[in-house]
């Protein structure tokens with residue numbers, strides 16, 4: 001078990017619907033923080049931007065972006081996560097891959113498709129929560145709009161780290177800031193949110209505010225950063241254990257079943 005997990009977050013503009021350019025760009029950005037990182041987190045749909053043009057952009061489940069993630073993971077000896085547009089059989093998914101240093105991987109399909117943008121008309125919603133075990137840490141990766149639904153993130157598995165990858169627009173950025181902090185506090189876990197910056201092909205503006213919050217809701221990565229940036233942040237297992245032991249709030253959580 002690793003007592004300290006070093007998480008790298010990359011907040012970046014995206015080339016609209018251009019997977020090749022985005023993979024090349026992130027290859028360069030990863031080099032700048034890879035040496036000390038255990039895990040690198042990229043935004044939602046990091047190869048295309050938040051596009052509904054799935055019929056043209058979707059990759060097969062083991063397509064070129066997953067292969068690229070595997071090569072990055074093995075080359076730099078770290079894990080990497082982010083979501084891409086995937087066609088699996090006859091359906092499209094907003095699929096997050098979590099790729100381990102040896103190239104093996106897990107995936108999570110976005111549960112809450114963003115109805116305001118019509119995502120539900122293009123992409124099939126997932127129905128299974130993923131808990132990843134990596135270097136002695138239990139990690140729950142989720143995608144963008146999932147952030148608004150605390151029941152789905154409820155920490156019934158005693159996970160250590162909650163991750164949201166996103167394309168969250170400027171006009172609702174106050175909700176992003178507030179909900180990331182809330183998810184950390186209520187679940188007594190670290191919470192990582194990685195958003196993009198810049199303007200997409202539909203004219204939506206993104207101002208980032210990627211951040212990492214600790215178990216008490218304190219931002220440990222720099223708050224409300226709106227420019228392009230990459231940073232590594234060390235997460236401490238003892239902080240989780242000692243805070244949970246002292247406060248024991250998770251022991252009083254409600255029990256329920258999702259149906």
Over the chain, how many percent of alpha carbon pairs lie in each 10 Å bin up to the one with the longest distance? 7, 34, 39, 18, 3, 0
Principal-axis tilt of helix 237-247 within the chain, Cα atoms, nearest 10 degrees: 50
Whole angstrom only: what separates the Cα centroid of the stretch 114-153 from the Cα centroid of the stretch 182-259? 14
How much length would be gained if the chain were fully extended between residue 24 and residue 234, taking 0.36 nm per residue of separation minus their Cα-Cα distance, in nm to one decimal? 72.9 nm
By how many degrees, 0 to 90 and rounded to 10, does the Cα axis of helix 64-76 deviate from the longest principal axis of the chain? 50
Return the calculated 222 nm mean residue ellipticity for the chain, to the nearest 500 deg cm²/dmol, obtained by summing -39500 (n - 2.57) across DSSP H runs with n ≥ 4 and dividing by the residue count. -7500 deg cm²/dmol
How long, wide and thick is the stretch 1-124, going by the Cα atoms along their three principal axes, in whole angstroms, largest first? 42, 29, 25
Explain nothing, just the number: relative contact order of the chain, from Cα pairs under 8 Å at least 6 residues apart, as a whole percent. 20
Taking 0.36 nm per residue of separation and subtracting the Cα-Cα distance, what length does fully extending residue 254 through residue 61 add? 65.8 nm
Distance in nm between pseudo-label sites at residue 115 and residue 74 (7 Å out along the Cβ direction from Cα): 4.3
Here the residues of the stretch 33-49 lying in the modelled label zone of residue 149, meaning backbone nitrogen under 18 Å from a point 7 Å along Cα-to-Cβ, are 44-45
What value does the stretch 149-244 have for Rg/Rh, both radii from Cα atoms and Rh as Kirkwood defines it? 0.99
Can you pull the one-decimal nm distance between simple spin-label points at residue 218 and residue 2, each 7 Å off the Cα toward Cβ? 2.3
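FYI, it's all coordinate maths here, none of it is from the lab. Remember, predicted model here, so these are calculated numbers, not experimental data. Cβ coordinates were reconstructed from backbone atoms using ideal geometry, including for glycine residues, and neighbour counts include every protein chain displayed.
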